[in-house]
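Working notes, beginning with the structure itself.
Every number in this text was worked out from the coordinates using simple rules, so none of it is lab data. Everything numeric in this text was worked out from a predicted model, so none of it was measured. All Cβ positions, even for glycine, are placed from backbone atoms using ideal geometry, and neighbour counts span all protein chains on display.
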Amino acid sequence: MRIGIDIDNVISNFDEVLKKEFLEHDKALRNTGIVDDNLYITSGMFDWSKEEICDFYYPNVERIAKSLSLIDGSKEYIDKLKREGHFICIITGRDNGEYSNPFDMTKEWLNKHNIYYDELIFTNGKDKESKARVCLENNIDIMIDDSVSLCKACLDNGIVALLMDKPCNRSSNITRVYNWEDIYNFISFYRDSR
Ligand SMILES: [Mg+2]
């Protein structure tokens with residue numbers, strides 16, 4: 001099968017690092033800490049104004065993206081899926097204007113962490129239909145992403161979508177996975193049941 005895999009919060013620990021950075025910078029602001037852990041880091045988790053969020057997020061996001069680590073099991077299970085004959089298509093929304101060179105930055109990061117892929121596709125993640133379009137064009141069978149809106153657009157277009165769990169997406173009833181073992185088990189079950 002052809003598997004579409006998001007990078008941030010599926011392969012990389014983007015939110016974990018961003019949250020740590022926000023907590024650290026929060027001390028220099030009003031030191032209020034987290035006000036709502038169920039909301040997203042840049043939209044309600046902290047009591048920062050829009051301006052405070054932008055002033056911190058945009059100058060730092062590239063440095064943060066370069067520093068990310070792997071989510072547990074991501075490399076091992078991607079390798080296992082490849083060995084079992086699946087086509088690995090990494091689809092990232094990083095072509096969203098936040099990075100000076102998202103292409104080289106991302107390729108370097110994937111190489112550094114020895115992440116296998118057959119194809120690497122960039123979309124603008126702010127366009128909620130972008131990944132569904134790419135999935136259709138590339139005959140993707142299953143897409144794995146942590147974004148409710150991107151997963152929903154895939155489902156609306158007949159593509160199976162798995163939503164990687166995080167606190168701010170828990171109100172969605174899209175098929176949820178909690179880790180790479182879950183992802184692997186779902187893909188194996190789905191393949192065997194077809
Ligand atoms: Mg993501």
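Going by average Cβ density within 10 Å per residue, which order do the peptides 146-152, 85-91 take, highest to lowest?
Sorting 146-152, 85-91 by mean packing, highest first, produces 146-152, 85-91.
R0 = 45 Å: FRET efficiency of Asp47 with Asp118, Cβ-based, nearest 0.05?
Efficiency, rounded to the nearest 0.05: 0.55.
Rounded to whole Å and ordered largest first, report the semi-axes of the equivalent ellipsoid of the chain derived from its Cα gyration tensor (root of 5λ).
Taking √(5λ) for each eigenvalue gives 29, 18, 16 Å, largest first.
Work out the length of the dipole vector of the stretch 1-156 about its Cα centre, built from +1 on the beta-carbon of each Lys and Arg and -1 on the beta-carbon of each Asp and Glu, and round it to the nearest 20 debye.
300
Per DSSP helix of 4 or more residues, -39500 (n - 2.57); summed, then divided by the residues of the chain. What does that give at 222 nm, rounded to the nearest 500?
-13000 deg cm²/dmol
Name the long-range amide H neighbours of Phe87: under 5 Å, sequence gap of 5 or more, or other chain; modelled H, no Pro or chain starts.
Hits under the 5 Å cutoff: Arg2, Ile3.
State the percent of C-alpha pairs, over all pairs in the stretch 14-66, separated by a distance greater than 19 angstrom.
Above the 19 Å cut-off, the stretch 14-66 has 16 percent of its Cα pairs.
Tell me which DSSP H helices of the chain clear both cut-offs, 30 Å or more of axial length from alpha-carbon atoms and a mean Kyte-Doolittle hydropathy of at least 1.6.
Length and hydropathy pass: none found.
Compute the relative contact order of the chain as a whole-number percentage, counting only Cα pairs closer than 8 Å that sit 6 or more residues apart in sequence.
Once normalised by length, the contact order is 25 percent.
How big is the antiparallel share of DSSP beta bridges in the chain, given as a percent to the nearest 5?
Taking every DSSP beta bridge within the chain, about 15 percent pair in antiparallel fashion.
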